[in-house]
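Before any comments, here is the structure.
Derivation of every value follows stated rules applied to the coordinates shown; laboratory data play no part. Model, not experiment: these values are computed from the prediction. Here Cβ is always computed from backbone atoms with ideal geometry, including for glycine, and neighbour counts include all displayed protein chains.
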Ligand code: AMP
């Protein structure tokens, strides 16, 4: 028997569903079911009143999912696609146009959400999901849980990682580590125990697709490249099936359901059930009594048998969209897709046979059978808790930066400091000299992105290094140091070269929650 020192949980904070795992008394990771006995909980939050009304109930999980169609404006889902992002980002604009709820711009330009006239930040919404997962685990232990390892997509940038960390802080959880999802999947599948190999981790959930190439060598797991499509998932498959059935209803029964939310909700639930059934069976029937009223005044008893092959033909265009990211992920690390040794499937949608077949045809081999692809990431996160607690030995995790980092100084020269795919944690520095006599302040802008043109990269913040000593131009040298921690989050510091004295660094502008905002959101 192994004694557990701390209560640390592994959390897969998914776009559609979330999952929590822990380590059992024997040191083995296990999934913690929610109060309904289900292993995953919808990452959904629904407000009955304004979020400022502290008395009004807030629904999280399945009860929020049930309100999605009847209360579309107040039911928030897919918030992971907004967290840490800017309102004017073209991807966010495209996403906002497909979401039923309101996406608004915060004062600093971040993407926030508007609910019943109230503005709410994505970290606060994710915090509600995290609090629920925390309660699920506390119920299981009969004890408080304070620490978590939370997984994030490998391509998450600095702001998205920081915002996820903020969400955890609001939920009262200390983040022990933000772990890249493909790394967690490799761990969950047990790659650290097997022989050296190169894996492709394909993760298709409700709203997003991610594919990563992961190297496992001497117990060291390293993500070497990652690609994704933020707009590809089970929702697109559901939409394609819905569109087909709605078209048939219009053509065969002259019935337009688009203006009756309850009927749409019933049909959508039946479509999702049918999609799940067709992963096992070749045929299923949707049977809905009184779905709508026909022009004759009669109630429509809707009965439609769907063959798996028929459904596959409706969703072909969606399925083919997984090709490009897979080819790109392999190309980025200089290999052909056929060079991978094994394929690990992650996410509920990978239970679908046509998705498995498509992935098999891209990589030229059948994916590994993973029993529960929607639990494997959380299991990996809990395994990482066990590694950090010393319960599992001989495994080291090496993650890489998902983006390059650099800065633009006053002389107009852009310098890349940390390249993309650098193993983390990592630290690098550059030296900048003053260019005016008695220059007391040095201004520079920090960017994330691979381009040599900062205009094509994303600005993370503007900094002012103050209180420089008076001296002729070029004599004061400042060491600008970039550190990317194990969570993939960048920290910037400056010191004077020679004396080594730290120089106050003032953040002039940045994205994300300010410290004061964050403090006001943390209860207690
Ligand atoms: P995840 O975000 O990993 O929980 O994946 C959620 C997506 O997987 C949703 O679109 C689900 O409808 C879909 N999904 C879950 N189980 C199945 C299944 N057995 N067959 C097909 N799709 C599924």
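Ranked by Cβ crowding within 10 angstrom, fewest neighbours first, how are 247, 477 ordered?
Ordered from fewest to most neighbouring Cβ atoms within 10 Å, 247, 477 come out as 247, 477.
Does the range 119-243 come out rounded, prolate or oblate by the C-alpha gyration tensor, with a ≥ b ≥ c the root eigenvalues, rounded set by a/c under 1.5 and, if not, prolate when a/b is larger than b/c and oblate if not?
Oblate shape, in that a/c is at least 1.5 and b/c is the bigger or equal ratio.
With angles folded into 0 to 90 degrees, how steeply does helix 261-277 sit against the dominant principal axis of the chain? Use alpha carbons for both and round to 10.
Approximately 90 degrees, to the nearest 10.
Taking neighbour counts of Cβ atoms within 10 Å as a proxy for exposure, in what order, fewest first, do 374, 399, 53, 143 appear?
In increasing order of surrounding Cβ atoms, one gets 143, 53, 399, 374.
Evaluate the chain: find the radius of gyration of its Cα atoms, find its Kirkwood radius, and give the ratio Rg to Rh.
Here the Rg-to-Rh quotient is 1.00.
Between the range 304-367 and the range 55-101, what is the separation of their alpha carbon centroids in Å?
Taking the Cα centre of the range 55-101 as reference, the centre of the range 304-367 is 28 Å away.
For helix 122-141, report the angle its Cα long axis makes with the longest principal axis of the Cα atoms of the chain; keep it between 0 and 90° and round to the nearest 10°.
For helix 122-141, the angle is close to 70 degrees.
Given 10 Å bins starting at zero, what is the percent of C-alpha pairs of the range 66-187 in each, up to the one with the largest pair distance?
13, 39, 34, 13, 1
Using the number of other C-beta atoms within 10 angstrom as an exposure proxy, rank 156, 231, 482 with the fewest first.
Sorted ascending by nearby Cβ count, the order is 231, 482, 156.
Distances longer than 22 Å among the Cα atoms of the range 234-317: what percent of all pairs is that? Present the calculation step by step, with values, prior to reporting the outcome.
Details: 749 of 3486 pairs.
I get 21 percent for the Cα pairs in the range 234-317 exceeding 22 Å.
I'd like the orientation of helix 308-320 relative to the chain: the angle between its Cα long axis and the longest Cα principal axis, in ° from 0 to 90, rounded to 10.
Around 20 degrees separate the two axes.
Take the alpha carbon atoms of the range 434-476, find their center, do the same for the range 133-171, and report the distance between the two centers in whole angstrom.
Rounded to whole Å, the Cα centres lie 35 Å apart.
Starting from 0.36 nm per residue, how many nanometres of slack lie between residue 139 and residue 97 once their C-alpha separation is accounted for?
Full-extension gain reported as 11.3 nm.
So what are the three principal axis dimensions of the range 5-66 from its Cα atoms, in whole Å, longest to shortest?
So the three principal-axis extents are 45, 23, 20 Å.
Per 0.36 nm of contour for each residue apart, how much would the distance between residue 501 and residue 333 grow if the chain were fully extended, relative to their Cα-Cα spacing?
Working: separation 168, 0.36 × 168 = 60.48 nm, distance 4.05 nm.
Once the chain is fully extended between residue 501 and residue 333, it gains 56.4 nm.
Distance in nm between label sites at residue 519 and residue 49, each 7 Å beyond Cα in the beta-carbon direction?
3.0 nm
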